[in-house]
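J.: Got a structure here, written out as structure tokens. Questions coming.
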Amino acid sequence: MDDGQGKYRGFQPHTKNFFSIAFPRLWRDRYIYLLLLPGLIYFLMFKIIPIFGNVIAFQNFNPFKGIMESDFVGFANFQRIFEDSEVLRVLRNTLFISLMQIVFVFPAPILLAIMLNELANERIKRFIQSIVYLPHFFSWVVIISIATIFLKPEGLINQLLMYMGYDWVSFMTNSHLFVPIVIVELIWKETGWSTIIFLAALASINHELLEAAIVDGANRWKRIWHIIVPSIGPTVVILLILRLGTVLDSGFEQIFLMLNPFNKEIGNVLDTFVYEKGIKQSDYSFSAAVGLFKGLVGLVLVLGAN
């Protein structure tokens, strides 16, 4: 209400209570909030501020003129995306690799988490968890180097093939084997680490349900299918929705390290294409348009799936 002096008395007590309560708590916990500072600075510098650089997607950007003086071209760069046959081919490669990742990589940690959850021996369970977590901490440079050592013509895999009477296979230059190798590498590296979320979901299952199922005569497979899988269903759905948001992110570092002239036709994806256009060929505006288009597609997929 207006008291005739331009003051709204109805809002004053709430405002005073808010500041009188919030500031003392913020000051009391100031050292805890300081722990957030490195993370906030990281997101500010590398996630929020770069958003404003997307304006060059609507320009014929000239690094010597800068963003403020470069000529605006509207949606011309986005029009090039749908007219360039190379972009369409790269988009098709990206969607195919992402689909294979969703089909084969996404369910892997769910299955592993269920198997670990069924282990009765806690010592063995913790040991296996430690082993499968380990590859996550290796860089992709190390992972690709290990894969190359095993898959090269004189590597262990080809030695085993020749020992069994088969001809050796050029794994790293065979375009048909590029996607399967990418999927296997990704499963080996990330499956163990991804089980953490699903193991936490499994730990929250009401054990009385499992005990009641045992009393009713349900075997292990029926308990898994009718109790465990539905119980972790909401977690699976949320993670699947988030994964759809990154459906055009196939993993730049892994793909980039594996690309060569023999598999580039099937292995070149949007991330590596943007790198080549933006860094190697200095086509900054077009590469920014492709990157922005990729982000918009991810946003639409998340909203649609949700």
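The values are calculated or read from the model by the stated rules, or taken from the named source; none is laboratory data. The structure displayed is predicted, hence computed values, not measured ones. In this analysis, Cβ positions are derived from the backbone assuming ideal geometry, glycine residues included, and neighbour counts consider all displayed protein chains. Areas reflect the complete protein model, heavy atoms only, side chains present, ligands, DNA and RNA absent. Shrake-Rupley method; radii C 1.70, N 1.55, O 1.52, S 1.80 Å.
J.: Counting every Cα pair in segment 93-267, what percent are over 28 Å apart? Walk me through the numbers on the way to the answer.
T.: Details: 5731 of 15225 pairs.
Summing the P(r) tail past 28 Å for segment 93-267 gives 38 percent.
J.: Rounded to a whole number of µm²/s, how large is the Stokes-Einstein D of the chain at 37 °C and 0.692 mPa s, given Rh as the Kirkwood radius over C-alpha pairs? Let's see the in-between values first.
T.: On the way: Rh = 24.3 Å.
Translational D for this selection: 135 µm²/s.
J.: Which of the lysines could a cross-linker span from LYS294 if the Cα-Cα distance has to be under 17 Å and same-chain partners fewer than 8 positions apart are dropped?
T.: Leaving aside lysines fewer than 8 places away in the same chain, those within reach of LYS294 are LYS47, LYS277.
J.: Please list the three semi-axes, largest first and in whole Å, of the ellipsoid equivalent to segment 265-306, using sqrt of 5 times the eigenvalues of its alpha carbon gyration tensor.
T.: Details: eigenvalues 112, 34, 5 Å².
Three semi-axes, in Å: 24, 13, 5.
J.: When the chain is treated as a GNM, springs tying every alpha-carbon pair under 10 Å, which of HIS176, HIS136, HIS226 comes out with the largest mean-square fluctuation?
T.: Among HIS176, HIS136, HIS226, the largest GNM mean-square fluctuation belongs to HIS226.
J.: Anything in the chain that counts as a DSSP H helix reaching 30 Å or more along its axis (C-alpha) with Kyte-Doolittle mean of at least 0.5? List them, would you? Could the numbers behind the result be given before it?
T.: Working: long enough: 178-203 (37 Å, 1.56); 284-305 (31 Å, 1.75).
What comes out of the filter, once short or polar helices are dropped, is 178-203, 284-305.
J.: Roughly how many percent of the accessible protein surface of segment 117-177 is carbon and sulfur, given a 1.4 Å probe and a whole-percent answer? Mind showing how you got there, number by number?
T.: Numbers: 2910 of 4340 Å².
Carbon plus sulfur share of accessible area: 67 percent.
J.: Let me ask another. Bin width 5 Å, origin at 0, all Cα-Cα pairs of segment 73-169: what percent of pairs per bin?
T.: 2, 9, 9, 10, 13, 15, 15, 10, 7, 4, 3, 2, 0
J.: Between LEU95, LEU134, LEU248, which gets the highest mean-square fluctuation from a Gaussian network model of the chain, Cα cutoff 10 Å?
T.: Most flexible of the set in this elastic network: LEU134.
J.: Next question, about the same structure. Largest first, please: the extent of the C-alpha atoms of segment 214-283 along each principal axis, to the nearest Å.
T.: 68, 25, 15
J.: May I ask for the longest run of the chain untouched by GluC sites (Glu not before Pro) that are loop-located per DSSP and have at most 13 neighbouring C-beta atoms (other than their own) within 10 Å? Mind dumping the intermediate values first?
T.: Details: sites that count: GLU69, GLU118, GLU154.
After excluding every exposed loop site, the longest remaining stretch is 155-306.
J.: Sticking with this one: Which longest run of the chain has no exposed loop site in it, a site being trypsin sites (Lys or Arg not before Pro) in a DSSP loop with at most 13 other beta carbons within 10 Å, and the site itself not part of the run? Spell out each step's value before the answer.
T.: Numbers: sites that count: LYS7, ARG9, LYS65.
The longest such stretch corresponds to 66-306.
J.: Oh, and also: Which value in deg cm²/dmol, rounded to the nearest 500, describes the helix-derived mean residue ellipticity at 222 nm for the chain, given -39,500 (n - 2.57) per DSSP H run of n ≥ 4 and division by the residue count? Present the calculation step by step, with values, prior to reporting the outcome.
T.: Values: 17 runs with 187 residues, N = 306.
Calculated mean residue ellipticity at 222 nm is -18500 deg cm²/dmol.
J.: Please find, in a Gaussian network model of the chain (springs between Cα atoms separated by less than 10 Å), the residue of TRP225, TRP27, TRP188 whose mean-square fluctuation is greatest.
T.: Of the options given, TRP27 has the highest mean-square fluctuation.
J.: Given +1 on the Cβ of Lys and Arg, -1 on the Cβ of Asp and Glu, and no further charges, what dipole in debye does the chain carry about its Cα centre, rounded to the nearest 20? Could the numbers behind the result be given before it?
T.: Working: 24 positive and 23 negative charges, 167 e Å.
Computed charge dipole of the chain: roughly 800 debye.
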